[in-house]
Structure formats: C-alpha cells, structure tokens
C-alpha cells in the first residue's frame, strides 16, 4: 500500500471513530507502528488530525465520542486485559455500580460468577452480560435510552440513584487527564456518571492507554475522587502516557497495569505502592450539592458496608510510581 493510500485510510478511521490507537491503525493498514507513527505525524503537520498518547484523534483538542459499533472494535485486547484485572477487585456479596461503556461491558461478563453480587447499572449492555447470572442481582436505573451507547440517561436515571449506597463504582469514559480527571463528550452521560459516583465509597476507573491525556468536554470524576486506575501497558515509545500516569500517581491515584511485566495467573498480588493509601471516600461533590455517603448517614437508601481497601489481584501489577516529592 502506498503512503498516500495508508494516510487516507488512517484519516478515514480517525474521522469515523474520533480516536484510534497506533496499534489498531497498524493492524488495519497492515504495516508497522513506526510507519504509522510517521504517517500520523505527516497528517498532523497538515492539520488533519492530532497525535495523542499512542494514537490519533480529531483535531481541535477535544475528542468527540464514537458510537458503540466503532468503540467495540477499538483496543479490544487492551480492554480484555483491563477487565480481567478489574474483576479481581470485586468481592463476593458486594454491591457495586457499573457505568456504561465497552470496557465496563467486558468487566460485566467476568462478574457473572461472583456469588451474592449486586450490580446497579444504567447500561443495557452490562445488564445483558449479567442477565443469565443466577447468583448476581442486577438493578437497572430508570431513564431515557441513549441509542449510541445503549445507556439510560436523563433525570429518570439520576433520580433512581438518589439514596443509593454501594461500596465501589466502576466507570469508563472518553478521556482521562491528571488535571481534570475522567471526562466524556456527552452532557447527559456525564450527569448520570456523576450520580453513579455520588453513590459509591470508592471509584475505580477503567481506561486503556489511548485515553490517557485525552480531554473531552464534560468532567465526570475529578482526579482527587478516583481511588484507582486500571489501565494497560503503554507502548515503550509512549513517553506522554508514562508522564500522565506519573501525574495521576502524584495526585494519589493508585495505578494498576494489566498485562505488565511479571503479571500472570496464579502469581501473588503485588503490594499497593503507587500512591497514598486513602480511605474510602465519604462524599463527592456534584454541582451545588454535597451529600454524606458514609454507612449509617442520612438518606433513605439501603445501608451497605463500606468498601474494604483494594488489594492487587493476580494478573496485573501496580505501576512502579511513587508520588514525587514537591
């Protein structure tokens, strides 16, 4: 394939999906990541796209949201590894919330064998993945269906979450930065995600390396509210992803890397060393609102136990990142 043909195909993929990793681009155009990186650099020089951590996005600084059909085919290996690792943080008999997204859908498929689990979700795809799990109770929010990602949004979804108490929230999004935290491109989705966070004592973010350093329009989870990030191993040449991970660790986010060196089934869990051992969050601010989430606090929702500290499950590692001294 000639360079002009490759670059046209790369441009079409980015325009269709909003953001595409170098790995995925190299697979589709059937060439090396080194060649794809050169093509992306040339297209950026023409103002046709922007380079991001290990990938390319539409120009203008903010990546737009892709639809489910496009997202489901992006970074599939990375999402699988992240879901495998994140599932190890879910305990028997726990009550959790799981947000919408293709990575959280992969997580849900791995939760079907957790006995006594209660999953609250606004995602039809998460609910479908658990529909035949006899030992898992699934609670759906109300709301209006957003067809692009099969999620329930709007005031009905947010109101159904009021008074809810769970131990952990597992969320994904369109971008993650140390400066603004997790963000998404849709206002309605962002509002429901904030309500999901409001119900949880701890927040676990699932984001592959292509989302690191990407900023989108609507903030969902501020950095200081994120307990842990579960991500994949960035390519060795992706210095910007490593810089973003260090910045997140500096702000107290615990970093777990799926498929990193030394990871493997049956290996002992690593010791958490990436960040300070913060206790469970007690409250998360929403615009104009602050609500106590401690067990036994106010509200009419069921009183569930506080989340136990997260220990590293087999199959991953804690990134060797300590908060830098200021």
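The values are calculated or read from the model by the stated rules, or taken from the named source; none is laboratory data. Just so it is clear, the model here is predicted, and its values are computed rather than measured. Note: ideal-geometry Cβ built from the backbone for every residue, glycine included; neighbour counts use all protein chains shown.
Does residue 157 satisfy the criteria of being within 21 Å of residue 85 (Cα to Cα), assigned by TED's automatic domain parsing to the domain that holds residue 252 and surrounded by 23 or more Cβ atoms within 10 Å (Cβ to Cβ)?
no
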**Study point:** Residues that are surrounded by fewer than 24 Cβ atoms within 10 Å (Cβ to Cβ) and outside any helix (DSSP H, G or I), drawn from region 184-198
**Key:** 185, 186
Exercise for review: Please find, within region 199-214, the residue that is nearest to residue 232 (Cα to Cα) out of those that are modelled with pLDDT under 95 and out of contact with any helix residue (DSSP H, G or I) (no Cβ under 6 Å at 6 or more places or on another chain).
Suggested key: 207
**Study point:** Elements of type helices (runs of 4 or more DSSP H) contained in region 43-148, each with 1 or more residues being at pLDDT 90 or above and either outside the structural domain of residue 185 (by TED's automatic domain parsing) or touching a strand residue (DSSP E or B) at 6+ places or on another chain (Cβ under 6 Å) (or both)
**Key:** 76-87, 102-109, 124-129
